[in-house]
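Reviewing the structure listed below.
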Amino acid sequence: MGFYHPQIVHFAIALLTVGVVLRVISLARRPAFVAPAALTLLAAGTIAAALAILSGDAAHPPVERIPGVRPAVVAHEAWGIRTRNVFFGVMTLEAIALILWRSPRRRAVYAASAALGLAGLFCLYETGEHGGQLVYAYAGGVGIRSGDPADVERLLLSGLYNGALAERKAGRPSDAARLLALAGERHPNDPEVQLAAAESLLLDRKDARAAIEKLRTIQPPQDNRSLRIRHGMLTADALEAAGQKEGAAAVVQGLITEYPDVARLKERLATLK
């Protein structure tokens, strides 16, 4: 059930939000369909919130084992339980309103339901905020949700690539080069990863000749226009850095022949001449 936690959560958010909004509108007693519509959505959303708690409990063990993630998991779980309990209270008030269907006191109960529902929306927002932090700041569930080793490998690749960018920005090019070299070792048949590793040789290692040799071993697919242009432009940059401007110009000219509609290729050729 943990696999379906994201889908269930989004249903709960949508149903509860619209349900509370309709309950507030229903206090004006017009239009007539709003009151029963609010009850229907609140009931469905509360059920979804309860299921979200169950699916979250099933999903969190592998996430919680990631070093340093447990506090974020606990905070998200606590707000989720709080949200569910608040909307249990809302549904209790809605049940009382049904009992008082023909009583003038029903409107006061609806007002209390609306007020508690608004408090519930605050809890719902905090739950989503902590869930987003868990996913985007801690990579909780990213790459491990399905249990597929390929997903885990993509997670590792993303970490290596973005870690390299962070190291480069922090002025630690040798560390950036080491991370991208590791990515290249793990993905020897992926031309995009190999291009990133070659680019690192040029930018981080400042080794134009090694970058040229690396680029010669990479063969971008014929049908991948963007990758072929990137490969050619990077080759031209490496040749220029190695003092081979004529060779760089020849590479760019070849790209222009193949892709005459790309303006930046002509601009790059102009700088080489």
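What follows draws every value from the coordinates through simple rules; no lab data is involved. Keep in mind that this is a model prediction, so the values were computed, not measured. Virtual Cβ from ideal backbone geometry, glycine too; neighbours counted across all protein chains shown.
Values as computed for the structure displayed
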read-out	value
Spatially proximal lysines relative to residue 169 (Cα-Cα < 20 Å; intrachain offsets below 8 disregarded)	206
Helix-only [θ]222 nm of the chain, DSSP H runs n ≥ 4, -39500 (n - 2.57) each, per residue, nearest 500	-26500 deg cm²/dmol
Segment 220-273: C-alpha gyration tensor shape, a/c 1.5 cut-off, then a/b vs b/c	oblate
Hull-based mean projected area of segment 148-206, where the convex hull spans the alpha carbons, in square nanometres	3.5
Fluctuation leader among 173, 188, 221 - the chain, Gaussian network, Cα springs under 10 angstrom	221
Stokes-Einstein diffusion coefficient of the chain, Kirkwood radius over Cα pairs, 25 °C, 0.890 mPa s, in µm²/s	107
Along each principal axis, Cα extent of segment 93-211, largest first, Å	86, 32, 16
Among 159-167, 237-245, 16-24, the order from most to least packed when residues are scored by Cβ within 10 Å on average	16-24, 237-245, 159-167
